[in-house]
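Novice: My questions will all concern the structure given below.
Read the figures in this text as sums done on the coordinates, not as results from a lab. Note that the structure is predicted; figures quoted are calculated from it, not measured. Don't worry about glycine lacking a Cβ; one is built from the backbone with ideal geometry, like all the others, and counts go over all protein chains shown.
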Amino acid sequence: MTIPLSATAFATLAGLLKTRSGLIIGQDKVYLLETRLVSILRREKLPDLNALADRLGRPGVEPLARDVIDAMTTNESFFFRDDKPFQHFRLQALPRLLAARPPGTSSRIWSAAASSGQEAYSLAMILAESKALIGDRKIEIVGTDIAREPLARAKEGQYTQFEVQRGLPVQMLMKYFKKEDPNWRIEAAIRQMAQFREFNLLGDLRPLGRFDIVFCRNVLIYFDQPTKTRVLEAMAAQMPPDGLLYLGGAETVLGITSRFAPLPGERGVYGVVTAPAERQALAPAWVG
Amino acid sequence: MARNCLVVDDSRIVRKVARRILEANGCAVSEAADGQQALDVCRAGLPDFILLDWNMPVMDGIAFLRALRGEFGADSPAVVFCTTENDMTHIEMAITSGAREYIMKPFDEEILMGKLGQAGLL
């Protein structure tokens, strides 16, 4: 018979996830712990989550703690997910960015929860399609994620048949992918446009450098409000006055930070608000 | 108004699955078991789009697509291949012959409706 998860064990697991990744697990989400950590229990030959929590309380368990965080992180991703943010990026954000950055300059785009790389590579394909417009400007795409396994897949740029059919138009498949049976691999020229690295959004963002455009979609929903505020304000500090932030459709900055303001008529797209003293009165520099 | 879709596949099970998904998403569905039957259906009245298998008896999918384009012109109806053929040669042949999208079996509702949406057919 399975022993129910004790309050102490729950506190250990939920505490580890919150402090290390920002992920909030309530009592109503115990089933998530049970389903996502089952492979770790098997591998470690542990009878249940109580035993796992007990093990995590001992010294020298850093690799196990990392595996728990990896397993609990949602890695759902697909190409051109939700479509609209990518349409906005292609038709509005990119032309505007190029107009504001003279030829010969560099810009940077951050895919802040890159998972297995589909978002970063979707942006890279849009840039490849816009080569004539971009000219000799350099645009760097940086994909980061806390989970290592999906990041390794992102670097490989290899996807299953199922994955290349989720959101990816067939013309893009023909143009930018090669069949490497049974999978599909994104071509080297696109892979080279994006770099991927392990990074915790709760960490110090400054070493990552400045970003003109940030995609941080469907991540904040897993954080509590103070963590959302902290992450968003740290992001704003890494962005120029005309910087743009894309959040997921169910996410918002309203009531969380005044360092970003929604672009009128654009769901999920936010401009940086620059002057802290005048935040309430200022529209983002991007408007108008 | 409901979009009319012709599902062309020699597998009764695939036709049934596709019909269930399409009807649940507001499409009106007709069926054909091979390319020749599909041509006969089209001559009686063109659907808005066609979900087309490749390997079928009597007339296969690519022969049907070429006959359709020859008889009714290049623009309509839109054709989305839905086949077990999953290599680049087949995909390129389908698109250059006038298909708008390409689904590699097995498929589910998310893939089917996503591809139809991308192809502007919903």
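Novice: What share of all Cα pairs of chain B, in percent, falls into each consecutive 5 Å distance bin?
Specialist: 2, 12, 25, 28, 22, 10, 1, 0
Novice: GNM, chain A, Cα, under 10 Å: largest mean-square fluctuation among A:Gln171, A:Gln238, A:Gln195?
Specialist: In the Gaussian network model the winner is A:Gln171.
Novice: Moving on to the next point. For every helix of n ≥ 4 consecutive DSSP H residues, a contribution of -39,500 (n - 2.57) applies; sum these over chain A, divide by its total residues, and give [θ] at 222 nm rounded to the nearest 500 deg cm²/dmol. Kindly include the intermediate steps, with their values, before the conclusion.
Specialist: Numbers: 14 runs with 112 residues, N = 288.
Calculated mean residue ellipticity at 222 nm is -10500 deg cm²/dmol.
Novice: Could you tally the net charge around A:Leu220, taking each other residue with its Cβ under 13 Å from the Cβ of A:Leu220, Lys/Arg +1 and Asp/Glu -1? Kindly include the intermediate steps, with their values, before the conclusion.
Specialist: On the way: positive: A:Arg217, A:Lys228, A:Arg230; negative: A:Asp224, A:Glu233, A:Glu251.
Once all neighbours under 13 Å are counted, the net charge is 0.
Novice: Where does helix A:225-237 land angle-wise versus the long Cα axis of chain A, in degrees 0 to 90, nearest 10?
Specialist: Orientation of helix A:225-237: about 30 degrees from the principal axis.
Novice: Defining a contact as two alpha carbons under 8 Å apart and six or more residues distant in sequence, what relative contact order in percent does chain B show?
Specialist: Values: 197 pairs, mean separation 26.6, N = 122.
For chain B, the relative contact order is 22 percent.
Novice: Then there is this: Which longest run of chain A has no exposed loop site in it, a site being GluC sites (Glu not before Pro) in a DSSP loop with at most 14 other beta carbons within 10 Å, and the site itself not part of the run? Walk me through the intermediate numbers first.
Specialist: On the way: sites that count: A:Glu44, A:Glu76, A:Glu187.
Answer from the scan: A:77-186.
Novice: On to the next question. Rounded, prolate or oblate, given the Cα gyration tensor of the protein assembly as shown, with a/c below 1.5 counting as rounded? Display every interim value, and only then the final one.
Specialist: Numbers: a/c = 2.18, a/b = 1.41, b/c = 1.55.
Because a/c hits 1.5 or more and a/b fails to exceed b/c, the protein assembly as shown counts as oblate.
Novice: When a/c reaches 1.5 or more, the comparison of a/b and b/c decides; with that in mind, is region A:7-72 rounded, prolate or oblate per its Cα gyration tensor? Write down the numbers at each step before the final one.
Specialist: Numbers: a/c = 1.37, a/b = 1.16, b/c = 1.18.
Cα axes put region A:7-72 in the rounded bin.
Novice: In sequence order, what are the phi-derived ³J(HN,Hα) couplings for region B:97-103 according to the Karplus relation 6.51 cos²θ - 1.76 cosθ + 1.60 with θ = phi - 60°, rounded to whole Hz, with x for glycine and proline?
Specialist: Whole-Hz 3J(HN,Hα) from phi for region B:97-103: 8, x, 6, 8, 9, 8, 10.
Novice: Here's something else I'd like to know. Around A:Leu97, what is the net charge, scoring Lys/Arg as +1 and Asp/Glu as -1 over all other residues with Cβ under 14 Å from its Cβ?
Specialist: Values: positive: A:Arg90, A:Arg96, A:Arg101, A:Arg108, A:Arg137, A:Lys138, A:Arg210; negative: A:Glu140, A:Asp212, A:Asp242.
It works out to a net charge of +4.
Novice: Roughly how tilted is helix A:118-129, in degrees to the nearest 10 and between 0 and 90, from the longest Cα axis of chain A?
Specialist: Its long axis makes an angle of about 20 degrees.
Novice: While we're on this one: Among A:Val269, A:Val219, A:Val30, which one moves the most in a GNM of chain A with springs linking Cα atoms closer than 10 Å?
Specialist: Checking each option, the largest mean-square fluctuation is seen for A:Val30.
Novice: Also: Using the Cβ atoms and a cut-off under 13 Å, what net charge is assigned to the surroundings of B:Met104, where Lys and Arg are +1 and Asp and Glu are -1? Don't skip to the end; give the middle numbers.
Specialist: Working: positive: A:Arg166, A:Lys179, B:Lys105, B:Lys115; negative: A:Glu163, A:Asp181, B:Asp53, B:Glu85, B:Asp87, B:Glu101, B:Asp108.
With Lys, Arg at +1 and Asp, Glu at -1, the neighbours total -3.
Novice: Okay, moving on. Which of A:Thr160, A:Thr74, A:Thr257 moves most in a GNM of chain A, Cα contacts under 10 Å?
Specialist: A:Thr160
Novice: Still on this structure: Between 0 and 90 degrees, rounded to the nearest ten: what's the tilt of helix A:7-21 against the longest Cα principal axis of chain A?
Specialist: With rounding to tens, the tilt is 20 degrees.
Novice: Of all DSSP beta bridges located in chain A, what percent are antiparallel, nearest 5? Walk me through the intermediate numbers first.
Specialist: Numbers: 12 of 30 bridges.
If we restrict to bridges inside chain A, about 40 percent are antiparallel.
Novice: Students often forget the sequence filter, so: which lysines lie under 29 Å Cα-Cα from B:Lys105 once same-chain residues fewer than 8 apart are removed?
Specialist: Output for B:Lys105: A:Lys84, A:Lys155, A:Lys175, A:Lys178, A:Lys179, B:Lys16, B:Lys115.
Novice: Right, another one. Based on DSSP H runs of at least 4 residues, each adding -39500 (n - 2.57), what is the mean residue ellipticity at 222 nm of chain B after dividing by all its residues, to the nearest 500 deg cm²/dmol? Provide the component values of the computation, followed by the final result.
Specialist: Values: 5 runs with 54 residues, N = 122.
After summing the helix terms and dividing by residue count, I get -13500 deg cm²/dmol.
Novice: To the nearest Å, what is the center-to-center distance of region A:180-246 and region A:55-108, using C-alpha atoms only?
Specialist: Their Cα centres are 4 Å away from one another.
Novice: If you don't mind, another one. Loop only by DSSP, 11 or fewer other Cβ within 10 Å of the Cβ. Give me the trypsin sites (Lys or Arg not before Pro) in region A:24-67 that pass, ordered by residue number. Present the calculation step by step, with values, prior to reporting the outcome.
Specialist: Values: sites: A:Lys29, A:Arg36, A:Arg42, A:Arg43, A:Lys45, A:Arg55, A:Arg66; in loops: A:Lys45.
Those satisfying the criteria are A:Lys45.
Novice: Could you let me know the centre-to-centre spacing of region A:4-37 and region B:36-112, using Cα atoms, in angstrom?
Specialist: A separation of 49 Å, based on Cα centres.
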